[in-house]
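> For reference, the structure I am asking about is given below.
Quick note: the coordinates plus some simple rules give every number you see, no bench work behind them. A quick note: this is a predicted structure, and the numbers were derived from the prediction, not measured. FYI the Cβ positions are ideal-geometry reconstructions off the backbone, even for glycines, and counts take in every protein chain you see.
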Amino acid sequence: MATVTYVRTLGYVARHGYVVSILDEDLELLEAIVSNDDNLTYGAIISVYTGPDEAITALTDHGVEELADMLSEARLTTTAWHQFLDDFVDDTELAARFKAQASR
């Protein structure tokens, strides 16, 4: 594995659309997906501690690409999107909210 020299916070990824397929994704959705570090390859999710009890989540370039690929595949059909939300978003209310939104 190559040495990681920088990471991108989820807020940056959501706001700046670093990868086209995650442009305009809801930050809350991204946070829900990466809250379980088993959802992405080991080392793709980094916790950056900003204080004694505070941390932000960041992704390596590989993590951003992996997340973008996951979302792109999941959005191919409504059925695939709903299954993706069931599999990767632990909060059932949040998953239901995203299922109710119009598909892209």
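> May I ask for the net charge around Thr79, where only other residues with Cβ less than 12 Å from the Cβ of Thr79 are counted and Lys, Arg are +1 while Asp, Glu are -1?
Here the charged neighbours net out to +1.
> Ok, one more. Could you compute the FRET efficiency for Thr79 and Thr41, with r as their C-beta to C-beta distance and R0 at 41 Å, rounded to 0.05?
0.95
> Determine, from the Cβ-Cβ distance of Ser72 and Tyr49 and an R0 of 30 Å, the FRET efficiency 1/(1 + (r/R0)^6), rounded to the nearest 0.05.
The computed FRET efficiency comes out at 0.45.
> Where does each of Ile33, Ile56 land when they are ranked from fewest to most other beta-carbon atoms within 10 angstrom?
Fewest-to-most Cβ neighbours within 10 Å comes out as Ile56, Ile33.
> Could you calculate the FRET efficiency of Ile56 with Glu93 from 1/(1 + (r/R0)^6), where r is the beta carbon distance between them and R0 is 22 Å, rounded to 0.05?
0.40
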